[in-house]
Amino acid sequence: MKNLKTNIMRALVITVTGSFIFLASNISFNGCSYTKNDSKSSEELSAPESSKVVSDFDFSEINFIELGAEYCAPCRMMKPIMKRVEETYKGKVTVIFHDITTKDGKKAAEMFGIRVIPTQVFTDTNGKEFFRHEGFFPFEEIQKILKEKGVE
């Protein structure tokens, strides 16, 4: 079973990353630029953070993976959206936040070929990415995407 998950994840990583290259020194979106900063702010995101790497995801549910950073204004605006998705779709959608300034977050950003933050990646129950969005993503738009995937 572990080998199957590993092979699925390798295929997912190859599919997702394609030709994208993560440039940790120069990511920007809506005035939100990424520079290496290992210091933590006193206000941490309250959305579910995860130190899981993609190979540890539970693919029995849809995964809503948010990649961002604590210092990023659009990322902070996503915090209540993530919480609302988690509460509204409990047991149907797993919400995972990766702060790209952390060790595990950097790994996830590289795996998903992140170009800007925030980026939202949605994977199905087979671990296959079915939708990606860059920037702030309103709850109503997320609902539309999940409804198209059969999640009510």
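Just so it is clear, none of the values below were taken in a lab; they were calculated from the coordinates. For clarity, every value in this text was computed on a predicted model and none was experimentally measured. Virtual Cβ from ideal backbone geometry, glycine too; neighbours counted across all protein chains shown.
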Net charge of neighbours whose Cβ lies under 15 Å from the Cβ of Lys149, counting Lys and Arg as +1 and Asp and Glu as -1: -1
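If each residue of separation counts as 0.36 nm, what is the full-extension length gain between Arg84 and Asp104 once their alpha-carbon separation is subtracted?
4.8 nm
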From the phi angles alone, apply the Karplus equation (6.51, -1.76, 1.60; θ = phi - 60°) to the range 142-152 and give each ³J(HN,Hα) in whole Hz, x where the residue is Gly or Pro. 5, 4, 4, 4, 5, 5, 4, 8, x, 9, 10
Residue-wise, which Karplus ³J(HN,Hα) couplings in Hz belong to the range 93-100, taking 6.51 cos²θ - 1.76 cosθ + 1.60, θ = phi - 60°, and x for glycine or proline? 10, 9, 9, 10, 10, 10, 7, 5
Taking the radius of gyration and the Kirkwood hydrodynamic radius from Cα positions alone, what is the Rg/Rh ratio for the range 83-147, to two decimal places? 0.95
Count neighbours as other Cβ atoms within 10 Å of each site's Cβ, and list the trypsin sites (Lys or Arg not before Pro) in the range 77-152 that are DSSP loop with at most 16 such neighbours. Lys90, Lys92, Arg115, Lys128, Lys149
